[in-house]
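First the structure, in the form of structure tokens, and then the observations on it.
The values are calculated or read from the model by the stated rules, or taken from the named source; none is laboratory data. Note that the structure is predicted; figures quoted are calculated from it, not measured. Cβ sites come from the backbone with ideal geometry, for glycine too, and all protein chains shown count toward neighbours.
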Ligand code: SF4
Ligand code: SF4
């Protein structure tokens with residue numbers, strides 16, 4: 001693996017300009033008070049947060065709304081008229097994404113399993129991935145809802161990155177991870193250095209989950225009252241699924257604009273009542289409790305069966321965005337431990353005793369309480 005190189009902070013604007021001259025450059029920028037990954041725009045403040053960009057990297061590769069085909073009438077006379085349809089061409093121009101943290105890069109690797117390495121292949125998504133070089137950024141702190149260390153990751157994990165950088169005093173340390181990454185780190189502004197990022201022992205254990213114990217948990221059964229408890233609180237607004245970097249459900253629809261047609265994909269949510277409704281009206285998940293159960297088990301059980309991996313990277317965005325204070329990471333961790341995720345601090349032991357489990361120590365007991373709103 002290549003060694004570290006150093007960029008002085010004062011040289012960052014020039015370095016970004018060099019990258020932007022080689023490829024379309026996407027970096028975290030502030031828009032309407034949130035940091036999100038956007039094509040470099042000199043009018044917007046650039047921000048490389050110490051951890052967690054507010055809006056995930058998912059939309060760079062899998063946009064909220066995406067035209068996939070266009071169609072319309074062709075031919076001058078009525079006898080010549082016909083409908084022509086053409087697939088949207090895949091993009092090929094090179095692109096560099098800089099500043100994605102380990103959870104977001106790992107989430108994109110998971111989405112690859114769904115759209116590239118599965119029976120269903122999405123050529124537009126695959127082209128977006130192939131044209132992109134990711135210069136990831138190691139986090140220098142874990143924010144209150146971050147729990148990547150409980151999801152087989154860490155704030156300095158480089159998995160899936162082509163190159164990585166980390167803030168270090170008066171500069172940034174960069175290192176290539178792949179040949180693709182080495183090709184974009186050839187700038188003369190990057191100086192050889194013997195400096196290395198300090199190794200850190202990151203905390204873990206906030207919301208640990210064992211997929212096997214979820215399957216075995218008495219609460220995972222459809223009949224358990226836990227699901228109704230959660231459903232009573234949840235608005236099924238879908239905000240958590242849109243904020244989640246690994247949620248990939250989408251709808252396909254045809255739209256008409258000025259006489260021409262467009263087939264588009266748009267993000268959908270398994271929390272919506274119409275999501276699983278079939279032709280003829282049958283809906284296998286028509287109750288809210290069935291839908292919240294499906295999402296929780298999907299992240300840790302069904303995706304393991306389908307794609308060989310859990311689909312939570314521990315970013316905490318679902319808990320941050322929820323308007324009613326539902327805390328998915330805490331709920332799933334409690335479910336994994338055989339607890340009732342919505343029980344209060346006072347009745348946590350009571351719930352365990354109802355299930356025939358031994359009482360908790362006081363610090364464990366907090367693990368099954370709802371958190372205050374974190375927004
Ligand atoms: S954001 Fe909260 S209220 Fe909305 S669907 Fe998700 S858990 Fe339910
Ligand atoms: S389920 Fe929540 S914590 Fe896990 S990846 Fe999705 S948004 Fe992040």
Inset, instruction - Might you let me know whether segment 286-294 holds any residue that is more than 14 Å from ligand 2 (Cβ to nearest atom) and without any contact (Cβ under 8 Å) to a residue 24 or more places away in the chain? - result: yes
Legend entry - Residues that are outside any helix (DSSP H, G or I) and free of Cβ contacts under 8 Å to residues at least 24 places away in the same chain, drawn from segment 5-39: 29, 30, 31, 32, 33, 34, 35, 36, 38, 39
Legend entry - From 105, 114, residue being within 16 Å of ligand 2 (Cβ to nearest atom), in the same structural domain as residue 179 (by TED's automatic domain parsing) and touching a strand residue (DSSP E or B) at 6+ places or on another chain (Cβ under 6 Å): 105
Inset, instruction - May I ask you to list the residues in segment 169-185 that are over 16 Å from residue 137 (Cβ atoms) and modelled with pLDDT under 95? - result: 170
Legend entry - Unmet criterion (only one of (1) within 30 Å of residue 32 (Cβ to Cβ); (2) out of contact with any strand residue (DSSP E or B) (no Cβ under 8 Å at 6 or more places or on another chain); (3) loosely packed, with under 14 Cβ neighbours inside 10 Å) for residue 64: (2)
Legend entry - Residue in segment 309-332 that is farthest from residue 107 (Cα to Cα), counting only those that are within 6 Å of ligand 2 (Cβ to nearest atom) and in a loop (DSSP other than H, G, I, E, B): 316
Legend entry - Index of the failed condition, residue 253 passing every other in (1) away from ligand 1 (no atom under 11 Å from the Cβ); (2) at pLDDT 90 or above; (3) within 24 Å of residue 312 (Cβ to Cβ): (3)
Legend entry - Any helices (runs of 4 or more DSSP H) falling wholly within segment 146-262 and containing at least 3 residues that are farther than 27 Å from residue 298 by Cα: 179-183
Inset, instruction - Test residue 275 against the stated conditions and say whether it is at pLDDT below 95, under 24 Å from the mean Cα position of the chain (by Cα) and not in a helix (DSSP H, G or I). - result: yes
